[in-house]
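Everything on this sheet refers to the single structure shown next.
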Amino acid sequence: MNGYRPVVGVLALQGGVAEHASLLEQLGAQVVLVKRPEQLEGLDALVLPGGESTTIDRLTRIFGLRQPLIEAIAGGLPTLGTCAGLILLACEIEDPAASQQTLGLLDVRVGRNAFGAQVASAETTLDWQDAAGSVYPVRAAFIRAPRVVCVGEGVEVTARYRGEIVGVRQGNLLGISFHPELTGDTTVHEELLGLTSRAAASSP
């Protein structure tokens, strides 16, 4: 990345934190494990990992992270949400658990556990369309994965699985139903880091 080492936060309250951190470090990023609001300061990008969406939602409120996350991401921080992270970003959940909230930033409606229980987990290769319209294969793992039921205006569909939408892009936001960090596929994370590189290049 031409000597540029973006600082990328991984929300570290619950879920697949270590796998994202390892993949990002492999790509040359400096990783911050975000557990407190002040750790959002100075980040070039952010990853919201998979895990239990209801637990992550509850912990963001307990640790005072909910509003700081909303402000940072709405302010333009490039952000990738995977699986539970996608649910957290979404504006609407089709089948929310009792009292479950989202950050309400990604203009999609999602359905939880759309591809079955944990025993129905699968690994497959998807076509991923980048912002320039080029298509790349991505090795993806699906574990109790959500689906995107519908998308709002300005949301691009980037990937499908079994006819369902499993990848979207909206400005500085990337949302995916699957886990590339578990297969070692770097395509989506590279796109996230590309957003930070362009932002750095355009800074005075």
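The values are calculated or read from the model by the stated rules, or taken from the named source; none is laboratory data. Note that the structure is a prediction, hence the values are computed from the model and not measured. Neighbour counts are summed over all protein chains in view; Cβ atoms, including those assigned to glycine, are modelled from backbone coordinates with ideal geometry. Surface accessibility is based on the protein's heavy atoms, side chains included, excluding ligands, DNA and RNA. Shrake-Rupley method; radii C 1.70, N 1.55, O 1.52, S 1.80 Å.
Points worth noting:
- Other-chain or far-sequence residues with amide H under 5 Å of Val149's (modelled H): Arg109, Val110, Gly111
- Inter-centroid distance (Cα atoms) of the stretch 11-35 relative to the stretch 56-125, Å: 17
- Dipole magnitude of the stretch 11-98, debye to nearest 20 (Cβ charges: Lys/Arg +1, Asp/Glu -1, about Cα centre): 260
- Building the convex hull from the alpha-carbon atoms of the stretch 106-191 and averaging its projection over directions returns 5.2 nm².
- Percentage relative contact order, the stretch 1-72, counting C-alpha pairs under 8 Å, at least six apart: 38
- When the Cα positions of Thr183, Val135, Leu40 are compared along the charge dipole of the chain, Leu40 comes out farthest toward the positive end, with charges on each C-beta of Lys, Arg, Asp and Glu.
- The fraction of accessible area contributed by carbon and sulfur in the stretch 14-102 is 49 percent, rounded to a whole number (1.4 Å probe; ligands and nucleic acids excluded).
- For the chain: relative contact order, % (alpha-carbon pairs under 8 angstrom, 6 or more apart): 18
- Whole-number D in µm² s⁻¹ for the chain, Kirkwood Cα-pair radius fed into Stokes-Einstein, 37 °C, 0.692 mPa s: 197
- Residue separation of Cys91 and Glu156 scaled by 0.36 nm, minus their Cα-Cα distance, works out to 21.9 nm of gained length.
- Solvent-accessible heavy-atom area per residue, rounded to whole Å², over the chain at 1.4 Å: 43
- Gyration tensor (Cα) of the stretch 73-151, equivalent ellipsoid semi-axes in angstrom: 21, 20, 10
- For the stretch 65-152, applying the loop criterion from DSSP together with a ceiling of 15 other beta carbons within 10 Å to the GluC sites (Glu not before Pro) yields Glu94.
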